[in-house]
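A short worksheet on the structure shown next.
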Amino acid sequence: MPEPTAEPLFDPTTGKLRDRAGLLSTARGIGPAGEQLLADTADARVTRTDAGVNVQLRGVDVGGS
Amino acid sequence: MASGLNLTTWLAWAQAAIVLDLESGGDTVKCAAFDGSPVPNLDTDTIYGAAPWNAGELAGGGYSAGGATVAGIAYTIESTRLVLRHTAMSTANVTGDLRYLVFWDDTVGDRVVFVADLGQEFPLLAEPLNVSSPDGLYRIRR
């Protein structure tokens, strides 16, 4: 009886890694949603997706305490 | 430099030397994108088109000098804060190493109102630049 063939972790077609649930994520840090986090600071969150470079400004608190 | 308001502009506004109408339907407010070459001082660098905001601006087939017009600007009181919100912007085909986003008033003396400092450069090569402020651009506490 042949041994079951394990599904390869690396998919050469997509260049992505496949986890046990069959979900794909890339080896370059791009998540399942296709979003690559470039920076996450107090001032802004910067990501790259197929739609381009996305800057989410956090805004600045002025005054008060 | 951290992100923040331009104090000279706001001082002039407070002293009624200028009158800014930032909300949509008033002044035309733009968002210019610069690389990391300017050395800004939020206390003194008041005018878009004057140093240091006269060099290092990004370019590209979809980017016009001065940047995109900021739409949907509105002030709202949210809990204990006065919040300025705007509609998300998208500019196609931008090229350059983005670091600063300069919000300036194209109607009143090209006054710089707010500068966002991303802390480092982010390269764009003929690709879209999308800017949003989901929590507001700035929030004035009581």
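How crowded by other chains is B:109-120, given as the mean number of beta carbons from other chains within 10 Å of each beta carbon? Kindly include the intermediate steps, with their values, before the conclusion.
Working: counts 0, 0, 0, 0, 0, 3, 1, 7, 3, 9, 6, 4.
Average per residue, whole number: 3.
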Would you pull out the residues with amide H under 5 Å of B:Phe114's amide H, same chain only if 5 or more places away, H placed 1.01 Å from N? B:Asn6, B:Phe103
Kirkwood Rh over alpha-carbon pairs of chain B, then Stokes-Einstein at 37 °C and 0.692 mPa s: what D in µm² s⁻¹, rounded to an integer? 214
What does the average come to when, for each residue of peptide B:127-133, you count the partner chain Cβ atoms lying within 10 Å of its Cβ? 6
For segment B:74-80, in order, what is each residue's ³J(HN,Hα) by Karplus, 6.51 cos²θ - 1.76 cosθ + 1.60 with θ = phi - 60°, in whole Hz (x at glycine and Pro)? 8, 9, 9, 8, 10, 6, 9
Per the helix-only model, chain B has a calculated mean residue ellipticity at 222 nm (DSSP H runs of ≥4, -39500 (n - 2.57) each, divided over all residues, rounded to the nearest 500) of -1500 deg cm²/dmol
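Other chains' Cβ within 10 Å of A:45-55 residues: what's the mean? It would help to have the intermediate numbers written out before the result.
Values: counts 3, 5, 2, 4, 2, 2, 4, 11, 11, 7, 13.
Other-chain Cβ atoms within 10 Å of each residue's Cβ, averaged: 6.
No value in this document is a laboratory result; all are computed from the given coordinates. Computed from a predicted structure; not experimentally measured. Because the Cβ atoms are built from the backbone with ideal geometry, glycine has one as well, and the counts that use them run over all protein chains shown.
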